[in-house]
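Structure record follows, encoded as structure tokens.
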Amino acid sequence: MENFSAYNPVRIHFGSNALFKIHEQAPIYGRRALVVYGQGSVKKYNILVKVLNQLSQAGISYVEYGGIKPNPVVEDVRKAADLARKEKVDMVFAVGGGSVIDSAKVIALTASSDMEPWHFMEGTAEPTAALPILTVLTVVGTGSEMNSVAVLQNNKEGKKLGMRHELMFPKESFLDPGLTITVPRFQTACGIADIIAHALEAYFGDGGSPLADYFATSIIREVMDAGIKLVNDLVNYDLRARIMLAATYALNGTTAIGRGNSGDWGTHAVGHILSLLYDLPHGATLSIAFPAWMKLHLDKIPDRIRHLGRLVFDNQCLDEYDTINKFEEFFKLIGLPTRLADVNVPRDDRYTILQLMDKNQVTGRVFPLSREDRAAIVELMATGGKM
Ligand code: NZQ
Ligand code: ZN
């Protein structure tokens, strides 16, 4: 087991009454809020109006910034932070999924400084202060509601970067599974793949921590069990609740105990390249990339992959090949792509993908990826390889 430090200060309110807590909790952080949201779903499904009513009830005035894109871009963060400064808000209130919450986190840093937001993402500027961040989660998967990570895209530079800082922990997150009932089947499946990928990144992290292995694989078992039912019963509150809880705990530090780091994250780095090039939903990049990553590592860590199979699939899983096949089968079963062709990436694009992977120096923290490894992953994502 490795030495480790753990810290997570996010207060979560979970359940069908979660939004009603807003008027009690939000005044702790001030009198004026910047409310950030995406491209319309929270208006269409009457979520925003409920949040704004709660703020009004608490005597909190607000200004809105809508239009955050899935795979959020730095330009929106810059504009929203300008608005936050101009309007002298006391807090940033995110109403949405990972894209909105991640944007709100960097808005909170940028509004408290005169810095360029991308410099925070690149690590060339150190955050020193942040406005308090509050969130209402409306689509499940990333775990952003209970962690200190933000991921942003810079299309001009051809980069998608993740950044972690304690100042970006939300103060409070309001988690009502009922709000996610309108999320369509494909997006729901994408969230499920993201949860599984977070547990897998942790499982392939540093050091031997059997308890962390059990946490990670229990999350995968829970998500596979509830997920397969949920994609065929999208309005089921209990299934939505099981997936939401699993998502929040898959990336809030629980699976990193006893490890030297939070995981490998090489697969996420590969997935970010696909999002950059094809604007694919995050989870759909991972259902393609994770099987390919595991196939690349078959010879290096067969025991680890086999152990994963035994923990997730019990004795129905015989060996490391079986394990990877079963993950692929599950992704297909919930309607996700597992090959580049499934998302209409032309065969000829393989070199373009590799070039952008090289430019972004795509690698893992535990398992570094050489240029040959990257080329092999691209090939495996295209063809599936010989299994
Ligand atoms: O934009 P709107 O109209 O709101 O529509 C959204 C969006 O199209 C829709 N949606 C949200 N709530 C809904 C809904 N549709 C129906 N009913 C509702 N209640 O869902 C779509 C996807 O939203 P998005 O926020 O993009 O999804 P997700 O939560 O998967 O976030 C993806 C982003 O998070 C990053 C990803 O890279 C990606 O940029 N990640 C963040 C992490 C973190 N902060 O810890 C870790 C992850 O690994 C990931 O990298
Ligand atoms: Zn992810």
### Summary
By accessible area (1.4 Å), largest first, His198, His307 order as His307, His198
### Summary
For Trp293 the rounded accessible area (nearest 10 Å², probe 1.4 Å, non-protein molecules ignored) is 0 Å²
### Task
Run the 1.4 Å probe and let me know the accessible area of His165, rounded to the nearest 10 Å².
40 Å²
### Message
How long are the semi-axes of the equivalent ellipsoid of the stretch 185-383, taking √(5λ) for every eigenvalue λ of the Cα gyration tensor, in whole Å from largest down?
### Response
24, 21, 15
### Task
Could you calculate the contour length gain from Ala341 to Asp303, that is, 0.36 nm times the residue separation minus the distance between their Cα atoms, to one decimal place in nm?
10.6 nm
### Message
Ordering Glu328, Glu222 by accessible area with a probe of 1.4 Å, largest first, what comes out?
### Response
Glu222, Glu328
### Listed residue pairs exceeding 23 Å between alpha carbons, taken from Lys44/Lys159; Lys79/Lys159; Lys79/Lys160
Lys44/Lys159
### Query
So which residue, out of Gly191, Gly123, Gly96, gets the largest mean-square fluctuation from a GNM of the chain using Cα contacts under 10 Å as springs?
Gly123
### Query
For the stretch 185-383, what relative contact order do you get, as a whole percent, if you take Cα pairs closer than 8 Å and at least 6 residues apart?
26 percent
### Task
Mind checking which lysines have their Cα closer than 16 Å to the Cα of Lys43? Skip sequence neighbours fewer than 8 apart in that chain.
Lys69
### Summary
In the stretch 11-179 the DSSP beta bridges are antiparallel at a rate, in percent to nearest 5, of 20 percent
### Message
Using a 1.4 Å probe on the protein heavy atoms, what percent of the accessible area of the chain belongs to carbon and sulfur?
### Response
51 percent
### Ranking by accessible area, most exposed first, for Asp279, Asp206 with a 1.4 Å probe
Asp279, Asp206
#### Entry: Mean-position separation - Cα centroids, the stretch 301-326 and the stretch 167-193, in angstrom
29 Å
### Task
Before rounding to the nearest 500, sum -39500 (n - 2.57) across all DSSP H runs of length at least 4 in the chain and divide by the residue total; then give [θ] at 222 nm in deg cm²/dmol.
-14500 deg cm²/dmol
### Relative contact order %, the chain, counting alpha carbon pairs below 8 Å whose residues are six or more apart
16 percent
### Query
Given Cα pairs under 8 Å that are at least 6 residues apart, what percent is the relative contact order of the stretch 11-179?
28 percent
### Message
Between the stretch 37-89 and the stretch 244-270, what is the separation of their alpha carbon centroids in Å?
### Response
28 Å
### Query
Using 20 Å as the cut-off for backbone N distance, which residues of the stretch 45-77 belong to the label zone defined by a point 7 Å from the Cα of Leu234 along Cα→Cβ?
45-48, 70-71
## Note on the structure
Between Arg164 and Ser5, the two model label points (7 Å from Cα along the beta-carbon direction) sit apart by a distance in nm of 1.2 nm
#### Entry: Fraction of beta bridges assigned by DSSP in the chain that are antiparallel (%, nearest 5)
20 percent
### Query
Hey, any idea what the orientation-averaged projected area of the convex hull of the chain's Cα atoms comes to, in nm²?
17.5 nm²
### Query
What are the principal axis extents of the Cα atoms in the stretch 11-179, in Å, biggest first?
41, 30, 25
### Query
From a point 7 Å beyond the Cα of Val63 in the direction of its Cβ, which residues of the stretch 90-114 have a backbone N at a distance under 15 Å?
90-93, 107-108, 110-113
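The values are calculated or read from the model by the stated rules, or taken from the named source; none is laboratory data. Since the structure is predicted, the reported quantities are computational estimates derived from the model, not experimental observations. Cβ atoms come from the backbone with ideal geometry, glycine included; neighbour counts cover every protein chain shown. The accessibility values were calculated without ligands, DNA or RNA, using every heavy atom of the protein model including side chains. Shrake-Rupley method; radii C 1.70, N 1.55, O 1.52, S 1.80 Å.
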